[in-house]
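Structure, as structure tokens:
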């Protein structure tokens, strides 16, 4: 039974994604607080599914695909919602969406064209995700504040660094497969 917990937590996180903007843009007097709670619960499920999967050696190919998908879906939904709600400048979602689309395209290319290879998450990417989580949390509480802009800018820079690490991993993965034999 334990082996299904990480993927179940990831699926719960995926189901939470549409509830973030519903809460954030609702007419409820506590709409941002409710959205924040949804975001925090998603973050907790992300931490728990990763911890349980690694601690009990319950990683799976499905989890290695669904987990980053759930992370990206929640991150993009929160960033775009915050922009629409005038809580952050346009440049942040432009960079984040562009970077994530490039990563998704690259990940799908490697997976389908290179023998179902999945490039695993790296510590820089995990650190960037943690920083984004903190930045979104602060931005919901204090939109367009110096703290939120600095945190979001730092998270963007760290995400771009993580992307360069992923690209390096990608080229290391495909280079041995594409060497000419003259």
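Every number here is computed from the coordinates shown, using simple stated rules; none is lab data. Remember, it's a predicted structure, so these values are computed and weren't measured experimentally.
At-a-glance table
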| read-out | value |
| --- | --- |
| C-alpha long axis of helix 5-16 to longest principal axis of the chain, angle in ° | 50 |
| Helix axis angle, 31-55 relative to the chain longest principal axis, alpha carbon, degrees | 30 |
| Folded to 0 to 90 degrees: helix 123-141 orientation relative to the chain principal axis, Cα | 10 |
| Max mean-square fluctuation residue, GNM over the chain, Cα-Cα springs under 10 Å, options 70, 87, 53 | 53 |
| Most mobile of 50, 169, 63 in a GNM of the chain (Cα contacts under 10 Å) | 169 |
| Potential lengthening between residue 5 and residue 54 on full extension [0.36 nm per residue; Cα-Cα distance subtracted] | 16.4 nm |
| Global geometry of the range 1-56, whether rounded, prolate or oblate, following the gyration tensor of its Cα atoms and the 1.5 cut on a/c | prolate |
| Which labelled figure in (i) 1.03; (ii) 1.17; (iii) 1.01 is Rg/Rh (Cα atoms, Kirkwood Rh), once derived from the coordinates | (iii) |
